[in-house]
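These notes are about the structure you will find just below.
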């Protein structure tokens with residue numbers, strides 16, 4: 001029996017041009033291939049100018065019942081993120097300062 005605690009939430013703060021979007025797509029495909037329902041969200045910001053970007057994805061083991069549906073969030077809630085992946089220490093610091101890490 002799956003429940004809300006099975007939901008995996010991954011927050012990826014990045015800088016434009018570092019491949020945050022590609023990493024997010026890889027993770028979405030990996031979860032999908034492992035039989036998860038998954039949704040990835042991109043908030044590109046100033047990505048074309050090397051500015052801050054944010055990517056977020058949620059994954060949940062696929063439910064057996066066709067009558068049940070997972071509703072995914074559009075943006076992370078501070079303090080409720082399971083994993084933060086960042087290539088840039090400044091962006092990681094901002095995410096922690098905003099309370100996304102617990």
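Tabulated values for the structure
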read-out	value
Residue satisfying condition, being exposed (fewer than 13 other Cβ atoms within 10 Å of the Cβ), touching a strand residue (DSSP E or B) at 6+ places or on another chain (Cβ under 7 Å) and at pLDDT below 85, within set 50, 16, 45	50
Residues located in segment 20-30, provided they are over 11 Å from residue 42 (Cα atoms) and surrounded by 13 or more Cβ atoms within 10 Å (Cβ to Cβ)	23, 27, 28
Long-range neighbours under 7 Å by Cβ, at least six apart or interchain, first residue on the phi < 0 side of the Ramachandran plot and in a helix (DSSP H, G or I) within segment 80-102, second surrounded by 13 or more Cβ atoms within 10 Å (Cβ to Cβ) and modelled with pLDDT under 90	91/14; 91/15; 91/52; 95/101
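The values are calculated or read from the model by the stated rules, or taken from the named source; none is laboratory data. As the structure is a computational prediction, the values presented were derived from the model and not from experiment. We place every Cβ from the backbone using ideal geometry, glycine too, and count neighbours over all the protein chains shown.
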